[in-house]
Amino acid sequence: MKALAYPFDPEYILKKSKSIRRELLADGSVRVHKKIAVLGGSTTHDYIRMLELFLLNYGIEPEFYESEYAQYYQDVMFDPEELVSFSPDLIYIHTGFRNIENLPSPGMPASDVDAMLDAEYARFEGMWQHLSEKYQCPVIQNNFEYPYYRVMGNFEAVDPSGRVRFVNRLNERFAEYASAHEAFYIHDINYLSATYGLDKWIDPAFWNMYKYMCAMKAIPEFAFSLSHICKAIWGRNKKALALDLDNTLWGGIVGDDGPENLEIGQETAVAETYTEFQTYLKEQKSIGVLLNVDSKNEEENALAGLNHPEGVLRPDDFIEIMANWEPKDRNLVDIASTINILPDSFVFVDDNPAERMIVADQVPGVSVPDIGQPEEYIRRIDKNGYFEVIGLSDDDKKRNDMYKANAERAHLRAAYTDYHDYLLGLQMTAHIAGFEPLYYNRISQLTNKSNQFNLTTLRCTVADIERYAGDPGYITLYGQLSDKFGDNGIVSLVMGEVVDMNTTSQAAGASEDGGEMLPGPSALHIRLWLMSCRVLKRDMECAMLDAVVAAAKERGLSRIYGYYYPTAKNGMVREFYKTMGFEQVTGSDGQPIVASDGSGIGSSAEDIGGLPEGATVWSLDISGEWVARNTVIDVK
């Protein structure tokens, strides 16, 4: 919704929140349901009201638990029944400067200040550790804004007893904890209040009358920033940029002006502005954002512009360069198809409002920011938080190289008339093993980012992954894939629960659609199967199935059950189990179907209950000799 994209009108959102909410809920979007506990050190109602709007806009339907005013510490440490039974998917601690209980006074000895700092940090660390042990869900914690007055003036940032320096030190301790603990995230209100303007951010009247942490007009921006972390945790980030060229990456029109006359470099203020924007995009690439060109241009001219000696970006920085005279919306869809991601994973950046309108109308889900004037480009993209980082893995840093290698594989495929020969020509090798601590973060990240090839959309925190890996009742496997063009990293995950005869399996977790897992007889029940789209159609799924079967047989199991839970994005795997040789044992209405070998999973629909609407269940008999499905990948 345009009203909820930066730059937005906070007063309009505050005034029209009810009608905006109604419009969002009526737009037909399929949303994932998440439970968020908000534990506040100040009044939180309007923060929750705003946060709900932004999350709905990101495809997340939140349900909230709200602590009583200033009862955040008590709710954390004393486990009220209401919070425990709520069973949150995420906990957010809403505290600010006024919630610091140990503050130094001017001139206090440094040793006393250090003791105060230790005591204040210990109070928060104790809360975080308790939450981790009790709820095992992600936690978001505000750091601290600066005080709105300085008794010692600028010396506050220097003297050990200065409160500005104390806040800096405390914020640094918070950051150190976040960097050392998975599923713990800092909401940086120190930066947020600075960009908003501290004098405008802090309104003593609103605190004294209503106990609001910040001014009323600042609440939408506060909630907007917080929503970025939430949607990143739940895999709602964008993945790629589709960029126009003329008057977007440089000033001027390369086909008319010639590359030598483009505004780029350090010679003029305009040229510096475009250079800074290209530098920003290059930095986006370094965190794994996929750069692509979508431009109405002759390809020769486009490449000449990208090879400008003063430019920062080069043709090799892009996965796909679509420079032609086709409609840009079609080009964007073609780029998405070529690199195997969904069109709604893109942010389309173009200086031309007419082109932006066409793409927004024709490509559902794509983000199309109003980028304004060249000097505003960076701020308008950055403020929208499309690519919010909550962790930076080696795979993230190498993502552009991986997709670039995919393009080379596509060129190789064109040289083969036989697809099997092409796969052999890739010289693929795979490493398949049980979940390992070294890869817990990447494995968790995959469960939260993969949407298309994802059978049940089970989202897992690092703590979840660690728990499954250590539970003998589960079989866990990850798969890495390499070929002659490079290493794709970890690209596939399978996790199955070993269920004993005549017992009811408890759900390993909720699917994206909130359904419970299915009970069944002695068998392996696959709770999670996903694969990165960048390795589609390379038979990695066959190699994974062979490994799953081998692990199940080693446990003495003779049957595997697979589950498909339909979502708005995973239709491509609706028939996946069928292609793998499984037989369907329930219809999309959840009713049992007796397999051709006479097996079933329950005597009545009641035995099956809890499946989300449209879900199907599949069965594979592995009691006999297994014929390997994979014939093209060398598995180590």
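The values are calculated or read from the model by the stated rules, or taken from the named source; none is laboratory data. Because the structure is predicted, anything quoted here is derived from the model rather than measured. As a convention, Cβ positions derive from the backbone with ideal geometry for all residues, glycine included, and neighbour counts pool all protein chains shown. We work out accessible area using only protein heavy atoms, side chains counted, and drop any ligands, DNA or RNA first. Shrake-Rupley method; radii C 1.70, N 1.55, O 1.52, S 1.80 Å.
Okay, here's what the table says:
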| quantity | calculated |
| --- | --- |
| Potential extension, Ala194-Val30 segment - 0.36 nm per residue separation minus Cα distance | 55.4 nm |
| Interchain or long-range residues, amide H under 5 Å from Phe144's placed H | Asn190 |
| Cα centroid separation, the stretch 525-552 to the stretch 370-412 (Å) | 27 Å |
| Sparse-neighbourhood loop sites, chymotrypsin sites (Phe, Trp or Tyr not before Pro) in the stretch 83-148 - DSSP loop, at most 15 other Cβ within 10 angstrom | Tyr148 |
| Estimated FRET transfer efficiency (Asp316, Asp9; beta-carbon r; R0 45 Å; 0.05) | 0.65 |
| Positive-end residue of Gly571, Ile20, Ala615, charge dipole of the chain with Cβ unit charges | Ala615 |
| Per residue value of the accessible surface for the stretch 3-154 (all protein chains in place, 1.4 Å probe), Å² | 45 Å² |
| Lys, Arg +1 and Asp, Glu -1 on Cβ, resulting dipole of the stretch 297-382 about Cα centre, debye, nearest 20 | 200 debye |
| Gyration tensor (alpha-carbon) shape descriptor, the stretch 169-216, a/c threshold 1.5 | prolate |
| Inter-probe distance in nm under a simple model that places probes 7 Å from Cα toward Cβ, at Asp118 and Ser286 | 3.8 nm |
| Whole-percent carbon and sulfur share, accessible surface of the stretch 217-291, 1.4 Å | 45 percent |
| Projected area averaged over orientations for the stretch 48-113, convex hull of C-alpha atoms, nm² | 6.9 nm² |
| Relative contact order [Cα under 8 Å, 6+ residues apart], the chain, whole percent | 10 percent |
| Rounded to the nearest 20 debye, dipole of the stretch 91-161 from Cβ charges on Lys, Arg, Asp, Glu | 280 debye |
| For His94, residues with placed amide H under 5 Å, excluding near neighbours | Leu39, Gly40, Gly41 |
| Antiparallel bridges, percent of DSSP beta bridges restricted to the stretch 232-370 (to nearest 5) | 5 percent |
| Hz values of 3J(HN,Hα) by residue in the stretch 69-79 - Karplus curve (6.51, -1.76, 1.60), Gly and Pro given as x | 3, 6, 9, 4, 5, 5, 5, 6, 8, 10, 6 |
| Under 5 Å, built H, 5+ apart or other chain: amide partners of Tyr65 | Ile36, Ala37, Val38 |
| Lys, Arg +1 and Asp, Glu -1 on Cβ, resulting dipole of the chain about Cα centre, debye, nearest 20 | 820 debye |
| Pairwise centroid distance, computed over Cα atoms, of the stretch 173-220 with the stretch 308-361, Å | 36 Å |
| Value of relative contact order over the stretch 46-160, rounded to a whole percent, pairs C-alpha under 8 Å and six or more apart | 31 percent |
| Integer Hz, Karplus 6.51/-1.76/1.60 couplings in order for the stretch 142-150, x for Gly and Pro | 5, 8, 10, 6, 6, x, 8, 9, 10 |
| Size descriptor, Kirkwood hydrodynamic radius, that averages inverse alpha-carbon separations across the chain, Å | 26.9 Å |
| Ellipsoid equivalent to the stretch 412-483 - semi-axes via the Cα gyration tensor, in Å | 31, 14, 10 |
| Theoretical gain in end-to-end length, Glu554 to Glu172 [0.36 nm per residue, Cα-Cα removed] | 132.6 nm |
| Rounded FRET efficiency, nearest 0.05, which uses the C-beta distance separating Asp401 from Thr579 and R0 of 35 Å | 0.70 |
| Karplus-derived 3J(HN,Hα), 6.51/-1.76/1.60, for each residue of the stretch 58-64, Hz, glycine and proline x | 8, x, 10, 9, x, 10, 10 |
